[in-house]
Amino acid sequence: MRVHSRPGATLRPLAIAAGGSWLFAALAALRAAAPGDSAAAGLERYELVAPHMGTLFRIVLFAPDAAEAKAAATAAFARVGALNRIMSDYDADSEVMRLGRRPAGTAVPVSAELFDLLQRSQEIAVATEGAFDVTLGPVVRLWREARRTHRLPSEDEVRVARRASGQANLCLNPADRTVTFLARGMQLDLGGIAKGYAADAALQELVRRGLPHAMVAAGGDLALGAAPPGRPGWKIEITPFGSAGGGALSLVAANVGISTSGDAEQFVDIAGGRYSHIIDPVTALGLTTPVAATVIAPSATLSDSLATACCVLAAGARQGIARCLGNSARALVFRRDESGRITREVHGSSPPGLHSNL
Ligand code: AMP
Ligand code: MG
């Protein structure tokens, strides 16, 4: 973990890319407050980075001194590590992986965090009319296999994976905090929401420790806390199709989550088709339409899941994007045509912390 103190300096835009991950958002914090700004009295800007969940988690915070900054960030990163031990599908011993090994029909008690995340996922599945679906684990595995072998799954394999997916097969019982899989071979995949959830949790830890002027970037998922002292918000750069892909824009916001999803880096080319890592639950295949979505929402848990869902909805030219955003989330949907031209659509309503007029 690194600690930088650069009071008064402008943070250069960071093209965040690490661990082979697919990240489209770049970010920049506005300058630390000018000397004499009463709100900023005694606060300095610190930036701390640590690898988690297959990407880099970056914390920018304003604190009285380096020791306090480091202690708070260490606790925030520890929170992320604990959540990863619950949610990772790369760790055979994580709670979700162990859950996947239990026989169908068994009511399995789970941690409060996993139950909370699954309840939120279920709400988002309903709001997005099934576009967001954490039960797609078996289908995501087929996509990963296709990326490795450069062969599409057979119809039979897709049929089997679909039978082992679907929100209707996921039973949550709040009375005893248990999860029951109703179909054989089910496996959860939390890749579309876990980083946003972890960024929110890390930010909450910083706030709990009295450092609200902070932001947590988990790759392309950002949890923004209170603005840098003396500033209206954090200046964020969005690069929906990667840093060289065009469509970049910047915005200023505080107290919101911001996420960007798309096929900028996670895709596989097979027989002339470009299959994104984002799966359309209707076809059980990766999206083949070049779309990306940025969502600004009251939390990173919401922005993360809704950005994934908006790509599915936009690629299928389906209605429902505005509906799933409710009245406090904004989505920018980017489409790239064959000539590389990018168009942008705006959906939903601006959340209170978004200061830019999008
Ligand atoms: P994100 O980068 O947040 O858009 O999440 C993409 C990841 O979410 C994929 O790599 C899968 O692990 C998972 N995923 C893919 N399709 C879906 C979907 N339709 N609903 C929920 N999660 C998905
Ligand atoms: Mg997501």
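Read the figures in this text as sums done on the coordinates, not as results from a lab. Just so we're clear, the structure is a prediction, and the values are computed from it rather than from any experiment. Note that we place each Cβ from the backbone using ideal geometry, even for glycine, and neighbour counts take in every protein chain shown.
Across the chain, the mean sequence separation of Cα contacts (distance under 8 Å, 6 or more residues apart), normalised by length, yields a relative contact order of 17 percent. Axis of helix 137-149 versus longest Cα principal axis of the chain: the two differ by about 90°, to the nearest ten degrees.
Working note: Cα gyration tensor of the chain, eigenvalues times five, square-rooted, sorted largest first, giving semi-axes of 34, 24, 18 Å. Once the Cα atoms of helix 66-87 and of the chain are each reduced to a long axis, what angle between those two axes, in degrees from 0 to 90 to the nearest 10, is obtained? Around 10 degrees separate the two axes. The mean sequence distance of close C-alpha pairs (under 8 Å, at least 6 residues apart), as a share of the length of the range 311-358, puts its relative contact order at 34 percent. Within the range 134-242, the trypsin sites (Lys or Arg not before Pro) that combine a DSSP coil assignment with at most 15 other C-beta atoms in a 10 angstrom radius are Arg151, Arg184.
In this rough spin-label picture, where each label sits 7 Å from Cα along the Cβ direction, the Glu265-Arg323 distance is 3.5 nm.
In sequence order, the range 330-335 has phi-based couplings of 10, 10, 10, 10, 10, 10 Hz under the Karplus curve 6.51 cos²θ - 1.76 cosθ + 1.60, θ = phi - 60°, and Gly or Pro positions carry x. Listed by Cβ neighbour count within 10 Å, with the fewest neighbours leading, Met186, Met97 appear as Met97, Met186. Note on Arg101/Leu358: beta-carbon distance plugged into 1/(1 + (r/R0)^6) with R0 of 35 Å gives a FRET efficiency of 0.20. Comparing Gly340, Gly166, Gly219 in a Gaussian network model of the chain, where Cα atoms under 10 Å apart are tied by springs, the biggest mean-square fluctuation is seen for Gly340. Note on Tyr46, Tyr90, Tyr197, Tyr275: ascending count of other Cβ atoms within 10 Å places them as Tyr90, Tyr275, Tyr46, Tyr197, the fewest first.
Ranked for footprinting exposure by Cβ neighbours inside 10 Å, fewest first, Phe334, Phe115 give Phe115, Phe334.
The separation of the range 166-203 from the range 268-285, counted between C-alpha centres, amounts to 23 Å. Going by a ≥ b ≥ c, the root eigenvalues of the Cα gyration tensor, does the range 212-358 fall in the rounded group (a/c under 1.5), the prolate group (a/b larger than b/c) or the oblate group? Prolate shape, in that a/c is at least 1.5 and a/b is the bigger ratio.
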